[in-house]
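*Asks:* Below you'll find the structure I mean.
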Amino acid sequence: MFVLSKLVWILAQPFSLAFFGALLALVAGLLRWRLLSALGAAGAVSILFVTLYTTSGNYLLQQLEERFPRPAADPEDVKCMIVLGGAFQNEVNTARHGIEFADGADRFIEALRLAQKYPQSRILVSGGDGSLSGTYEGDAAASRRFFPLFGVGKERLVEEAQSRTTYENARNTKEFLAQQGLSDCLLITSAFHMPRSVGLFRKLGIEIVPWPTDYRTTGNVALGLDFTQPSLNGQNLGTAIREWYGLAGYYLAGRTSALFPG
């Protein structure tokens, strides 16, 4: 299932689909299949245009981010928090033994802020190596270096370093919570990733408080054209579609009880 999900994403993301459309147009053109060549070229151009020059990606991300609004104020007390992996450049960290962040860095920055505000809280970091090769350290390992730099002792950390997917995050975390006697933890992850995460945790009967962070949109995006930031538009559409693929896949596999948990 893990390898299949990786392969599906490699083949079905927008730029891959555009490439296959262009390849089809080229091959069909060489074979003088004009209609098929034109359809392939039109499909590739259409995908690239929507991906690069519209707000589709931001709009789809926004729908995910708004599903679980951020609480207006910090809680009175925090006994534990679950931080899902996806914040570190694991390949770079493995090679250089440093602390290099990826786009999801806000997950750990927010966890650090809360850890300093609530010194009695425990921090369960769930994140192993999600690569196909399986040769890199995960977020749980990097957190062992990160938190002590800011005065958060290692004794407060619970490291779940085996999970490769969000489903494994939830399944493995349930076991660790039981072992540590922890419950009703804050669930810290990117806002766009929260619906899928909550759906998985709920299905497994884990009581959590959604605590979204790492917002990528302003919250007032409308569908339209945008020629100002094509590379960012492409990145955001890829992120959004991958998340929607995940929501659909987990629902069809029976790992969540709702297609769009809320």
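*Asks:* Against the condition within 30 Å of T228 (Cβ to Cβ), assigned by TED's automatic domain parsing to the domain that holds G234 and in contact (Cβ under 8 Å) with a residue 40 or more places away in the chain, how does L23 come out, does it pass?
*Replies:* On the way: within 30 Å of T228 (Cβ to Cβ): yes; assigned by TED's automatic domain parsing to the domain that holds G234: yes; in contact (Cβ under 8 Å) with a residue 40 or more places away in the chain: no.
No; evaluated as a whole, the condition is false for this residue.
*Asks:* So, L200, is that one over 25 Å from L112 (Cβ atoms) and not polar (S, T, N, Q) or not?
*Replies:* For L200, the condition - over 25 Å from L112 (Cβ atoms) and not polar (S, T, N, Q) - is not met.
*Asks:* Among the residues of the range 72-88, is there at least one that is within 28 Å of S163 (Cα to Cα), β-branched (V, I, T) and surrounded by fewer than 14 Cβ atoms within 10 Å (Cβ to Cβ)?
*Replies:* No: zero hits.
*Asks:* Something else: Take the conditions at negative phi, within 18 Å of the chain's Cα centre (by Cα) and assigned by TED's automatic domain parsing to the domain that holds L124 and apply them to L84. Does it pass?
*Replies:* Yes, satisfied.
*Asks:* Right, next: Would you check which residues across the range 98-113 are over 21 Å from the mean Cα position of the chain (by Cα) and under 14 Å from W211 (Cα atoms) and list them?
*Replies:* None - no residue of the range 98-113 is over 21 Å from the mean Cα position of the chain (by Cα) and under 14 Å from W211 (Cα atoms), so the list stays empty.
*Asks:* Another question about this same structure. Give the residues of the range 167-186 that are hydrophobic (A, V, I, L, M, F, W, C) and either surrounded by fewer than 24 Cβ atoms within 10 Å (Cβ to Cβ) or in contact with a Lys or Arg (Cβ under 6 Å, 6 or more places away or on another chain) (or both), sorted by residue number.
*Replies:* F176, L177, A178, L182, L186
*Asks:* For the range 113-143, enumerate the residues that are of a type outside the set (A, V, I, L, M, F, W, C), surrounded by 15 or more Cβ atoms within 10 Å (Cβ to Cβ) and in a helix (DSSP H, G or I).
*Replies:* D139, S143
Yes or no, residue by residue, for (1) touching a strand residue (DSSP E or B) at 6+ places or on another chain (Cβ under 8 Å); (2) part of a helix (DSSP H, G or I); (3) not acidic (D, E):
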{"residue": "Y167", "(1), (2), (3)": "no, yes, yes"}
{"residue": "T173", "(1), (2), (3)": "yes, yes, yes"}
{"residue": "Q179", "(1), (2), (3)": "no, yes, yes"}
{"residue": "V198", "(1), (2), (3)": "yes, yes, yes"}
{"residue": "Q235", "(1), (2), (3)": "no, yes, yes"}
{"residue": "R242", "(1), (2), (3)": "no, yes, yes"}
{"residue": "Y251", "(1), (2), (3)": "no, yes, yes"}
{"residue": "S257", "(1), (2), (3)": "no, no, yes"}
{"residue": "P261", "(1), (2), (3)": "no, no, yes"}
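*Asks:* Testing I99 on (1) in the same structural domain as L182 (by TED's automatic domain parsing); (2) crowded, with 18+ Cβ neighbours inside 10 Å; (3) touching a helix residue (DSSP H, G or I) at 6+ places or on another chain (Cβ under 7 Å), one condition comes back false. Which one is that?
*Replies:* (2)
*Asks:* Quick one: in the range 21-58, which of the residues that are of a type in the set (V, I, T) and part of a helix (DSSP H, G or I) is surrounded by the most Cβ atoms within 10 Å (Cβ to Cβ)?
*Replies:* Checked the range 21-58; the qualifying residue surrounded by the most Cβ atoms within 10 Å (Cβ to Cβ) is T51.
*Asks:* For the range 217-233, enumerate the residues that are in contact with a strand residue (DSSP E or B) (Cβ under 9 Å, 6 or more places away or on another chain) and either modelled with pLDDT under 95 or buried (at least 20 other Cβ atoms within 10 Å of the Cβ) (or both). Can you show your working first?
*Replies:* Going through the range 217-233, the residues in contact with a strand residue (DSSP E or B) (Cβ under 9 Å, 6 or more places away or on another chain) turn out to be 223-226, 233.
Across the range 217-233, the qualifying residue is only N233.
The values are calculated or read from the model by the stated rules, or taken from the named source; none is laboratory data. Not measured: the values here are computed from a predicted model. All Cβ positions, glycine included, derive from the backbone under ideal geometry; neighbour counts span all protein chains shown.
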